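For reference, the structure discussed in these notes is given below.
The values are calculated or read from the model by the stated rules, or taken from the named source; none is laboratory data. What you see is a predicted model; the values in this text were computed from it and never measured. Using ideal geometry, Cβ is built from the backbone for each residue, glycine included, and neighbour counts are taken over all protein chains shown. Just the protein is used for accessible areas: all its heavy atoms, side chains included, with ligands, DNA and RNA removed. Shrake-Rupley method; radii C 1.70, N 1.55, O 1.52, S 1.80 Å.
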Amino acid sequence: MAEFRVARVEQGHTKIRNVPIAVTPEGFWCCPSPVVFQKTLKSQNLQSKPRPSSPPSKTSVQKKPNTLNERKPTPNSSRSKLLPDDQRSVTSDANGNNALATERPLKQNGENLRHKVAIEFGEHGTSDLKVVLCGKPGFSVKMSVHKNVLVENSTFFADKLCQRQSPISCLEVGDCDDVESYVETVGLMYCKEMKHRLIKQSVSRVLRILKVAELIGFQRCMHSCLEYLEAVPWVGDEEEEKVLSSVLRLKQNNVGVTPLLKRVSSDVSSPLNDTVTHVIELVLKSNEERGRREMKSLVLKLLRENNTHLDSSGTAEMVNENIYSFCRSCMNSLLMLFRQAAEPGFVDKSLDSKGPVMRQIALQADNLLWLLEILIDRQAAEEFAHTWGSQKELATIHAKLPTVSRHLVSCITARLFVGIGRGEMLPSKDTRQLLLQTWLQPLIDDYCWLQHSCRSFDRKLVEEGIGRTILTLPLEDQQNILLSWLGSFLKAGDNCPNLQRAFEVWWRRTFVKSNVELQGSLLNSDG
């Protein structure tokens, strides 16, 4: 809490700025807008800066002083309704001139200029207490308030005013960080419907008011601010963080913040695993192309962001088990569709008859590719690689189908090779051998279609992944696979994966390094 002490209101040499009048049905109270405080501080900074001395001029020009005509501020009609002139509340200066705020020249006494804003709350002339808010150096606000209002609404002021036996006419609050919000909060004590007052205010301003209300123990204002924050939308993650940090601080003081926190937390104890599984299932069952594509990207991104949280919450293994359950279901569906498409006479059927089967094949292949991406991000794709390498029947039927119907299945194989080549998964040697034996030739057969029909297909990346996967095997297996590839490459050319880099590495490993080791061993034996 800011420093609080009893002081005497200085009369005389103060510079007071005009502030707008805000009228409420319950009475009159003044609330300076942020622009007024900013102008006051700006003028203070300009006057406190030393002026550079100008060189003497040959001729001196005398200027007549400008006469400022003081005008009464116009009430803000957009914020409140106007009352007759004889009922308006104003602040009277020491000379009896009726004006909300008047300007007076300051005398130079070797001290900095002190700027003050005078504000009066309630009916004019009935205030019995002066509260001075000392903000930044050289700037303060003097409020004419009523003791009974402050004592009734603020536990802080009630303690300070009731603990003294002698009557107090002036209180000073030093080191006030946010004078504007302090004045706004005190003004709300004179307003019965605070909720209407807070409408159309920014979230940041209400948070500042809430902070002051907490400092001075203004419970009614705190509840109104919380109702506002619970109902108003929060724009952006930064604003949400500000609201939650302020509200969580109040929670420690046993303030009712549960309705607001329900926006970001739930009392229902549903497992995270069930929610994630349900979302994935909805995406897999969707047949709408655009919505499905967008939600696949969004869910994949969100799962990447939440992988750490899922692991820490102990639901990672359960999520992986459910994903693998979806994978097995998709593979079984794909095998049934392949069998149906491989039946005699299926190719001769009309497009209306075989079209749904072809679309389902593409849909299941896309589902498997998406699930594989999720498992790779979760570093749990080794089992998928083994299961896919074990699909002997699926690979056999693959050769019997038209390329236009089957080529999307080879995207799954290509993604596995890329993942192994990048080190995103670490399947065993047997799994890598099985994967190459089962699916490398089908991938070579579909390579031309993949290059021209799949926008996301990256030839260089796939060829690098295949070559690196081959080079992880024993040298004899490298030789068998690369010699088989060489026969296909010499026939198909660009329509076959270019594995020359892997072939070159295998050649050097087989001949160059072996000869060097052989010569070294002969020299050692001769010596």
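Whose amide H sits under 5 Å from the amide H of Glu120, counting only residues 5 or more places off or on another chain, with H placed in the peptide plane?
It is Cys30, Ser144, by chain and number.
Are any of the pairs Lys195/Lys262; Lys301/Lys354; Lys392/Lys460; Lys301/Lys349; Lys160/Lys200; Lys195/Lys296 more than 31 Å apart by Cα-Cα distance, and if so, which? Before the final figure, lay out the partial values.
Values: Lys195/Lys262 21 Å; Lys301/Lys354 35 Å; Lys392/Lys460 27 Å; Lys301/Lys349 41 Å; Lys160/Lys200 34 Å; Lys195/Lys296 42 Å.
Result: Lys301/Lys354; Lys301/Lys349; Lys160/Lys200; Lys195/Lys296 exceed 31 Å.
Applying the Karplus parametrisation 6.51 cos²θ - 1.76 cosθ + 1.60 with θ = phi - 60° to the phi angles of region 419-434, what ³J(HN,Hα) value in whole Hz is obtained for each residue in order, glycine and proline being reported as x?
x, 5, x, 7, x, 6, 9, 10, x, 6, 4, 5, 5, 5, 4, 4
Per the Debye formula with a single identical scatterer at each Cα and no solvent contribution, what log10 I(q)/I(0) holds for region 198-237 at q = 0.14, 0.16, 0.28 Å⁻¹?
After summing over all Cα pairs, the log10 values are -0.28, -0.36, -0.95.
Can you give me the accessible area per residue for region 131-180, using a 1.4 Å probe, in Å²? Walk me through the intermediate numbers first.
Details: 2290 Å² over 50 residues.
I get 46 Å² per residue for this part.
Return the FRET efficiency for the residue pair Glu241, Cys170: r is the Cβ-Cβ distance, R0 is 35 Å, and the value is rounded to the nearest 0.05. Mind showing how you got there, number by number?
Working: r = 40 Å, r/R0 = 1.14.
Once the sixth-power term is evaluated, E becomes 0.30.
Suppose the chain between Ser286 and Trp507 were pulled fully straight at 0.36 nm per residue; how much longer would it get relative to their current alpha carbon spacing?
Working: separation 221, 0.36 × 221 = 79.56 nm, distance 4.88 nm.
Here the segment from Ser286 to Trp507 would lengthen by 74.7 nm.
Hey, can you rank 320-329, 386-395, 449-458 by average C-beta count inside 10 Å, highest first? Spell out each step's value before the answer.
Details: 320-329: 15.8, 386-395: 17.4, 449-458: 13.2.
Ranking, from highest mean packing down: 386-395, 320-329, 449-458.
Whole angstrom only: what separates the Cα centroid of region 420-441 from the Cα centroid of region 317-382?
Cα centres, region 420-441 to region 317-382: 20 Å.
Farthest toward the dipole's positive end in region 338-392, which of Pro356, Ile376, His386, given Cβ charges of +1 (Lys, Arg) and -1 (Asp, Glu) about the Cα centre?
Pro356
Could you pull out every residue, at least 5 positions away or on a different chain, whose amide H is within less than 5 Å of the one on Glu172? Hs are placed 1.01 Å off N in the peptide plane, and Pro or chain starts have none.
Amide H neighbours of Glu172, under 5 Å, 5+ apart: Arg5, Val6, Ala7, Val132.
If we sort 372-382, 180-190, 276-286 on the protection proxy, mean other Cβ atoms within 10 Å, highest first, what's the order? Could you put the intermediate results ahead of the total?
Details: 372-382: 18.9, 180-190: 23.4, 276-286: 15.6.
Order by mean packing, descending: 180-190, 372-382, 276-286.
Using 0.36 nm per residue, how much length does the chain from Glu382 to Glu476 gain when fully extended, once their Cα-Cα distance is taken away?
Contour length minus Cα-Cα distance gives 31.5 nm.
At 7 Å along Cα-to-Cβ for each site, give me the label-to-label distance between Leu461 and Ala362 in nm.
For the pair Leu461/Ala362, the computed spacing is 2.1 nm.
Solvent-accessible area of Val141, probe 1.4 Å, all protein chains present, reported in Å² to the nearest ten, please.
0 Å²
How much length, in nm to one decimal, is gained on full extension between Cys454 and Glu230, taken as 0.36 nm per residue of separation minus their Cα-Cα distance? Before the final figure, lay out each step's value.
Numbers: separation 224, 0.36 × 224 = 80.64 nm, distance 4.80 nm.
Full extension of this stretch gives 75.8 nm more.
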